[in-house]
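The values are calculated or read from the model by the stated rules, or taken from the named source; none is laboratory data. The model shown is predicted, which means the values in this text are computed figures rather than measured ones. Glycine also receives a Cβ, built like all others from the backbone with ideal geometry; neighbour counts cover every protein chain displayed. These area figures cover heavy atoms from the full protein model, side chains too; ligands, DNA and RNA do not enter into them. Shrake-Rupley method; radii C 1.70, N 1.55, O 1.52, S 1.80 Å.
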Amino acid sequence: MTDATPNTKSMDDIMALCKRRGFVYQASEIYGGINGFWDYGPLGAQLKKNLRDAWWQDIVMHPCRGKPGPDGKPVEIVPVDSCIIQNPKVWEASGHVGGFNDPMVDCKETKNRYRADHLLCMGMKGDSTGQIYAYIENNDDSFAAALKKLSKYKKQELTKDDIDICALTALSTEELVVTVGPDAKEAGTLTEPRAFNLMFKTYVGATASEDDVAYLRPETAQGIFVNFKNVVDTTRVGVPFGIAQTGKAFRNEVTPRNFTFRSREFEQMEIEFFCHKDDAPAWYQFWRDERMKWWQEIGLGGNNLQMREHDADELAHYAKDGGGAADVEYRFPFTAPGFGELEGIAYRSDYDLRQHAEHSGAKLEYFDTTRGELAKNGQPKGERYLPHVIEPSAGLDRGVLAILCEAYTPDPDRASGVFMKFHPRVAPIKAAVFPLVNKDGMPEVAATLHAELVRRFGHLGFIETDAKQSIGKRYARMDEAGCPYCFTIDGDTLNDNTVTVRDRDTASQERIALDAVGAFLAEKLGIG
Ligand code: GAP
């Protein structure tokens, strides 16, 4: 359940920590960056890998952690790893070449570009002034600023009641006599909305002619659909089953913004789950609930997460009766009090397989030996059909961003002033081992323990060791990096073979036996 508590953390502070501690850097920063592209530093790369690995483990290796599907049987999912560049006909069939467009407007004054469907349009009511419009972003500050701008044209102060608000795209351009952009001082600075194809184009081969045009994939999903028949023919899976894939996707977004939230290069984690049409509603419900639970369990269990079922008018063109679409949404500091999408769970009917069957001529129907009328021998005769699809499609970078925002915990009582409360499963640093001082045999004991922990847990994340500066400063560094447990070797260790464990979230310390550290960490990391 959610409440109305806004996520009041400062995005500037979160971004500063991400830079300072090596989670996220601007891509090509030394050249001034490039809009819509972000690189991950050492801690960010490991955090992202841990989230991807957790998804892979819980989807591919051990689907839904053994929870049976609505048919009472184990959920079956196999992976693929398809190319970023496919035959361009894939994107014609999927509808991306013809229809993957966003309406955009440019501001001639500020050079800012806006997605027309992200702007609201305020028009003054009344006779003489009904043709002046201000475009605003959907937040209170923008609203107040736009009221002021409109007042200038009406020569009197306006209130919210004096205006009409509608989505920009709902207006015809003839109605737009004067426009005022959200950040512009002058009126009439915005262009008309224009369709903008989001796919990155490239050329395959040396000649770079129009015949060689290809596209960087805008989603990983189509690489799954075009391999549906291959997977059925070469493995032992049978409907219902899923195909999963993680990988990069590219969209030439009109307005990349909000840190990594809307980037031009990003990574997705997608499942296409194939089932019989009659079973689609039950599988839709199953995946909807499973995916929400997964995000909660990975560290977004607070009240900033919600599930939002789409309204009928939001449903994609392929969504039909019997299913629906819902989003797992997170309340980011920049969307608060609203929410932003982390993952969409959509009923896609047989739309994609049908499109690819029609465009390619391939027979993509599945022969289901468990269905159909019964033959004389009492066995089903079988049924041939195009499976229907439930698609849980998650953004890995958005997941990382939500985890960074949720983990960021200001605490004025700590030397660091802030700590990153990562779930141990995704924390990039799993543990740190410190000698209290760099002498008296402590570094040697620390080195032995560090080597043991690296051997046991190094495949899950970093195991740090650090002997520099005061122990308080070392704890502070680990707090900012989100390391859940620090083990300190001190004078007592040499006498009684115990160490201090410091818990990141409570900053409390306890002593445990040196030879119990491995088992302690295994239990805390959930692999005991
Ligand atoms: N195959 C379906 C599909 O691609 P989508 O809603 O367009 O659906 C799925 O994308 C997920 O990918 C989103 O929920 C979001 O997490 C992520 N995503 C989409 N566009 C993105 C962008 N420009 N930057 C970062 N993540 C993005």
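At-a-glance table
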read-out	value
Kirkwood Rh, Cα atoms: Rg over Rh of the range 9-83	1.19
Packing-based ranking, highest mean first, of 276-285, 227-236 given that Cβ atoms within 10 Å are counted	276-285, 227-236
Inter-probe distance in nm under a simple model that places probes 7 Å from Cα toward Cβ, at Arg511 and Glu186	7.6
Percentage relative contact order, the chain, counting C-alpha pairs under 8 Å, at least six apart	13
Rg over Rh, two decimals, the range 403-454 (C-alpha only, Kirkwood Rh)	1.12
Most to least packed among 72-79, 202-209 [average Cβ atoms within 10 Å]	72-79, 202-209
Where the Cα pairs of the range 323-432 fall when distances are cut into 5 Å bins, in %	2, 10, 11, 12, 12, 10, 9, 8, 8, 7, 5, 4, 3, 1, 1, 0
Fraction of antiparallel bridges per DSSP, the chain only, in percent to nearest 5	85
Cross-link pairs Lys111/Lys185; Lys48/Lys248; Lys67/Lys293; Lys201/Lys363; Lys49/Lys430; Lys248/Lys293 - those with Cα-Cα distance over 20 Å	Lys201/Lys363; Lys248/Lys293
Within the accessible area of the chain (1.4 Å probe), percent carbon and sulfur	49
Mean residue ellipticity (222 nm) of the chain, computed from DSSP H runs ≥ 4 via -39,500 (n - 2.57), nearest 500	-8000 deg cm²/dmol
Cα-projected label distance for Asp212 with Glu309, points at 7 Å along beta-carbon direction, nm	5.2
Potential lengthening between Leu494 and Gln469 on full extension [0.36 nm per residue; Cα-Cα distance subtracted]	6.9 nm
Sparse-neighbour loop sites [trypsin sites (Lys or Arg not before Pro); the range 390-472; at most 10 other C-beta within 10 Å; DSSP]	Lys439, Lys468
Per residue convex hull volume, Cα atoms of the range 443-528, in Å³	94
Paramagnetic reach from Asp117 in the range 340-369 [backbone N under 18 Å; point 7 Å along Cα→Cβ]	340-348
Modelled FRET efficiency - R0 41 Å, Thr235 with Asn258, Cβ distances, 0.05 increments	0.55
Rg/Rh ratio calculated on Cα atoms of the chain (Kirkwood radius)	1.03
Within-12-Å neighbourhood charge of Pro333 [Cβ basis; K, R +1; D, E -1]	-1
Solvent exposure of the range 413-528 as accessible area per residue, Å², 1.4 Å probe	45
